[in-house]
Amino acid sequence: MSTENHIKPYLHHAKYYETDQMGIVHHSNYIRWMEEARMDAMCQFGISYRDMEKDGVISPVVSVNCQYKSMVHFDDTVKIQVKVTKYNGVRLDLAYEMTDMDTGVLRTIGTSTHCFLGREGQVISLKHEYPAIDARFRKML
């Protein structure tokens, strides 16, 4: 990922319950970590998902992809760097890079795509209908 990214990394300390019998983090947890990192990145720019929901905006996952490069074990700390790769007010694409905090070894890369829906479940444009929220997302670029 580009070094010009101004989103601070999210740190996740691998818990015992996230592992399998061999002490290796189960593959499903990486998707959860991506979600945690996305919420953290949004908070860094003053975007509260709770407030968006109160305003009638939700942002469901349209697609998610995860490529496992090396294993994360119990008690490892993973640094998750989030980068906005596309944002147009209707769609948000993110890339994730997970590295071992101590060694810098690449563990996982992933992507997620999100859209924005209004109260009736219709696709909306934040740019047109919620310009204040749109401005915060644009700061993440």
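The values are calculated or read from the model by the stated rules, or taken from the named source; none is laboratory data. Nothing here was measured: the structure is a model prediction, and the numbers come from that model. So basically every Cβ, Gly included, is an ideal-geometry build from the backbone, and we count neighbours across all protein chains shown. These area figures cover heavy atoms from the full protein model, side chains too; ligands, DNA and RNA do not enter into them. Shrake-Rupley method; radii C 1.70, N 1.55, O 1.52, S 1.80 Å.
A dipole drawn for the chain from +1 and -1 charges on Cβ atoms has a positive end, and of Tyr30, Met140, Val78 the residue lying farthest that way is Met140.
Restricting attention to the chain, lysine pairs at least eight places apart or on different chains and with alpha-carbon atoms under 27 angstrom apart total 23. Calculated [222 nm] ellipticity per residue, helices only, for the chain: -7000 deg cm²/dmol; basis is -39500 (n - 2.57) per DSSP H run with n ≥ 4, divided by all residues, nearest 500.
Glu36 contributes about 60 Å² of solvent-accessible surface, heavy atoms of the protein only, 1.4 Å probe. Comparing Ala14, Ala37, Ala95 in a Gaussian network model of the chain, where Cα atoms under 10 Å apart are tied by springs, the biggest mean-square fluctuation is seen for Ala14.
The charge dipole of the chain, taken about its Cα centre with unit charges on the Cβ atoms of Lys, Arg (+1), Asp and Glu (-1) only, comes to about 420 debye.
For the chain, the longest principal axis of the alpha carbon atoms and the long axis of helix 28-44 meet at an angle near 50°. Expressed per residue, the C-alpha convex hull volume of region 26-65 stands at 73 Å³. Dividing the Cα radius of gyration of the chain by 2.2 N^0.38 Å, with N the residue count, gives 1.10. For the chain, a Gaussian network of Cα nodes joined below 10 Å ranks Glu18, Glu35, Glu120 by mean-square fluctuation, and the top entry is Glu120. Surface exposure of region 37-112, expressed per residue as accessible area with a 1.4 Å probe, stands at 49 Å².
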